[in-house]
Amino acid sequence: MLLAAVPNDAMRLNSHMSEMGETADNLMPDRSLDTTNLWFEVLPFGTNAFNTNTAAATLILHNTHPDETYEILSRAALPDTNWNSEGFVFGSETTNWTVTSISAANRTNALFFSARSWLDSAGIGIPDWWQLRYFAMVGVDPNADPDHDGVPCSNGSIGPGTTASSPP
């Protein structure tokens, strides 16, 4: 099990701060590129240190940040076009990995998982994953109307004759 081998962000941040002579008040880690670095560790079914439900899969989501929201998604086959939301978890306060469990009742033998961060690094009220999906960049002006159709970006307008789903 990787639990003892995974350093947490607080340890890395504190180490960097002491080397640079900085404090937590004036140093924030750059997380602008962290949205693609998530990965899962799936523990065998049955009871383990995190889960006593034998009908649930235990997932450890790695590279999480404290109090950040992550959505867990699943689908039964890779060719499926839609991911199903399994719910949300908050990043652990003490480690850079977060544990959750997903019910496996009435599921097929294959289940694929994905996760996405709901980080809004631009502070505009639209998660980075949505901005990247529909605009290929982060920091979109949510009140802008780049295609001049009278509908701002925050309402799903993404180009001439096109519309995205409204931001979550």
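The values are calculated or read from the model by the stated rules, or taken from the named source; none is laboratory data. Quick caveat, the model's predicted, so the values are computed rather than measured. Every residue, glycine among them, receives a Cβ derived from its backbone with ideal geometry; neighbour counts consider all protein chains shown.
Key figures
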{"read-out": "Residues within region 132-142 that are modelled with pLDDT under 85, in a loop (DSSP other than H, G, I, E, B) and either buried (at least 18 other Cβ atoms within 10 Å of the Cβ) or in the same structural domain as Leu43 (by TED's automatic domain parsing) (or both), tallied", "value": "1"}
{"read-out": "Hits in region 93-102 (condition: buried (at least 19 other Cβ atoms within 10 Å of the Cβ), hydroxyl-bearing (Ser, Thr, Tyr) and in contact (Cβ under 8 Å) with a residue 60 or more places away in the chain)", "value": "Thr95"}
{"read-out": "Matching residues, region 86-101, being closer than 9 Å to Asn63 by Cα and assigned to a strand (DSSP E or B)", "value": "Trp97, Thr98"}
{"read-out": "Residue ID - farthest from the chain's Cα centre (by Cα), chosen from residues in region 103-131 that are buried (at least 19 other Cβ atoms within 10 Å of the Cβ) and within 19 Å of Gly87 (Cβ to Cβ)", "value": "Trp130"}
{"read-out": "Any chance Asp145 is over 29 Å from Thr52 (Cα atoms), modelled with pLDDT under 90 and touching a Leu at 6+ places or on another chain (Cβ under 6 Å)", "value": "no"}
{"read-out": "Among the candidates Gly21, Gly46, residue that is surrounded by fewer than 10 Cβ atoms within 10 Å (Cβ to Cβ), out of contact with any Leu (no Cβ under 6 Å at 6 or more places or on another chain) and modelled with pLDDT under 90", "value": "Gly21"}
{"read-out": "Residues that are assigned to a strand (DSSP E or B), under 28 Å from Ser121 (Cβ atoms) and either of a type in the set (Asp, Glu) or more than 20 Å from the chain's Cα centre (by Cα) (or both), drawn from region 36-85", "value": "Glu41, Glu71"}
{"read-out": "Given (1) without any contact (Cβ under 8 Å) to a residue 60 or more places away in the chain; (2) more than 24 Å from Pro44 (Cβ to Cβ), index of the condition Leu119 fails", "value": "(1)"}
